[in-house]
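First the structure, in the form of structure tokens, and then the observations on it.
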């Protein structure tokens, strides 16, 4: 068989938990939850959970207090960013060192790998061995002819598995699944699709563009339709990622009600953002505010600045004005400030 181009999606198995087990081998085989400061009495969410904890229904993004109710015997550990970043760097270095690999990093624990081979499954197994030997960590690999199919394929055989999803078996595997099983289709998009009578991947794949464009717009609508057919990039882009913005947010253990406390909290976040902007060397041109009112109402606002700036006070004043214009006196549970930077020379 002649060699051809394939896209492999490498996804580390329970990455943060696996790194913690490397540090403390006695945790292997136990229900383990990593999140926040490891304290379920605080407001924090699950970053990842071992497969033993997942058997109890624990999932990423779940509040720690809920996770502990589901799995009372779980061992809780705080998030340790520097350790995970170092482990991620080892994983990505192993992928980049693989012969012929073109690597597009998607996050700490996942990447697309472009390879030209005659047997993609054998290559995927070899890649798993390479990562394991270099890092001591296991991964699952989805094999596809587009990034969309490769990404989705990974979930069909975890942990430590390899699954192939291509144009040839796309509808056979995906056709009767709900549209939320597609990469990029969340509950809100699914709800709007359901109103159009589209509930399954097969129905989306067969839908004409007109109703999708009418519902989602002339560009987004057809794009969603293409997702239903498994379309996506057919090659891996290893162009270095360039940040468009820097932001910080904090969930407060006690709701903020005093305007002075809210003002101070926003200024702390704006100062952190300004420090990141100066390190990047690109000024802020738009300020984004995220606020979550108690019990759980989230709002986002943004404003373009008259002039780009590195000034933390300008960022803070803009975010506070956006907050004031909401005219909402409910207690504040979370605040986030993000500075969108001027593009780099030559653009993105």
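Each value in this text was obtained by applying a stated rule to the coordinates, not by laboratory testing. Model, not experiment: these values are computed from the prediction. Cβ placement follows ideal geometry from the backbone for every residue including glycine, while neighbour counts extend to all protein chains displayed.
Observations on the structure shown:
- Note: relative contact order over the range 170-228, using C-alpha pairs below 8 Å and six or more positions apart, is 34 percent.
- Tilt relative to the chain, helix 120-135 - C-alpha long axis, 0 to 90 degrees, to 10: 50
- Degrees between helix 81-96 axis and first principal axis of the chain (Cα, 0 to 90, nearest 10): 30
- Antiparallel content of DSSP bridges confined to the chain, in %, to 5: 90
- Crossing angle, helix 312-326 versus the chain [Cα axis fit, 0-90 degrees, rounded to tens]: 90
- Using just its DSSP H runs of length 4 or more, each adding -39500 (n - 2.57), the chain gives a mean residue ellipticity at 222 nm of -11500 deg cm²/dmol after division by all residues.
- Packing-based order for 172-184, 312-324, using average beta carbon neighbours within 10 Å, highest first: 312-324, 172-184
- The chain, relative contact order [Cα under 8 Å, separation at least 6], %: 14
- Cα point-scatterer Debye curve for the chain, base-10 log of I(q)/I(0) at q = 0.10, 0.11 Å⁻¹: -0.80, -0.97
- Build a GNM of the chain with springs between Cα atoms under 10 Å apart, and of 219, 169, 194 the one that fluctuates most is 219.
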